Amino acid sequence: MARKKPTRKSASRAASRAASRKKIPARKVAKVSKVSKAPVRSSARKKLASKGRAPAPVKRARPRQRIAISHYRNEDFKADGLRAYAHYRDLGIAEATSGLARAHVIRLIGPCNPAEVSKLHYHDVEFQMVYVLKGWVKTYMEGQGETLMQQGSAWTQPPRIRHLILDYSDDVELLEVILPAEFRTVELTV
């Protein structure tokens with residue numbers, strides 16, 4: 001019976017068996033495996049490489065969330081938010097989510113004063129979405145330009161995008177959702 005020519009797999013297996021019997025270091029096994037002309041990578045090497053990787057990040061458990069219900073009451077609008085020209089109605093989301101998100105209705109006080117309102121700034125957030133409940137607002141966002149948002153319009157603002165309000169109607173109300181609840185706002189000088 002004629003002997004078959006050794007294949008790469010059979011040469012690799014033979015080298016591995018020989019190494020395990022003789023306790024040959026892995027680097028020498030690789031040299032023995034080169035008999036078949038093409039370098040052969042052992043599965044042991046793959047296992048060693050995977051062990052050298054950084055461990056997967058530990059996923060922190062989120063705090064337990066609770067139900068938040070907020071009914072419309074005009075007296076809930078307060079001048080205690082980020083801007084002096086706006087009144088905010090907090091919807092209780094920050095407390096209910098242990099700071100995961102914030103949601104509020106913003107009522108911009110008219111008439112619009114561009115000297116006070118139109119200041120280029122950004123928010124250090126992970127997510128921000130705005131929905132126009134009433135009226136209209138004209139905004140500028142870096143890379144987007146000027147946009148008129150009317151009742152029913154919605155938009156997202158990517159993290160740290162430079163933006164400003166250019167004008168708004170006297171009756172405008174906006175719903176804003178932000179993650180996380182606490183964030184930094186940076187005003188920019190042009």
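Points to keep in mind about this one:
- Every residue from the range 139-181 that is open to solvent by less than 60 Å² (accessible area, probe 1.4 Å), at positive phi and assigned to a loop (DSSP other than H, G, I, E, B): Gly152
- Every residue from the range 65-83 that is surrounded by fewer than 10 Cβ atoms within 10 Å (Cβ to Cβ) and either at positive phi or among the hydrophobic types (A, V, I, L, M, F, W, C) (or both): Ile67, Ile69
- The range 114-126 - residue that is touching a residue at least 60 places away in the same chain (Cβ under 8 Å) and outside any strand (DSSP E or B) and, of those, nearest to Lys78 (Cα to Cα): Lys119
- Listed here are the helices (runs of 4 or more DSSP H) enclosed by the range 10-113 that have at least 2 residues being modelled with pLDDT of 80 or more: 93-96.
- Filter pass, Glu126 being closer than 18 Å to Ile178 by Cα, open to solvent by 90 Å² or more (accessible area, probe 1.4 Å) and modelled with pLDDT of 95 or more: yes
The values are calculated or read from the model by the stated rules, or taken from the named source; none is laboratory data. These figures come from a predicted structure and were not determined experimentally. No Cβ is skipped: glycine too gets one built from the backbone with ideal geometry, and neighbour counts run over all protein chains shown. Side chains included, ligands, DNA and RNA excluded: accessible areas come from the protein's heavy atoms. Shrake-Rupley method; radii C 1.70, N 1.55, O 1.52, S 1.80 Å.
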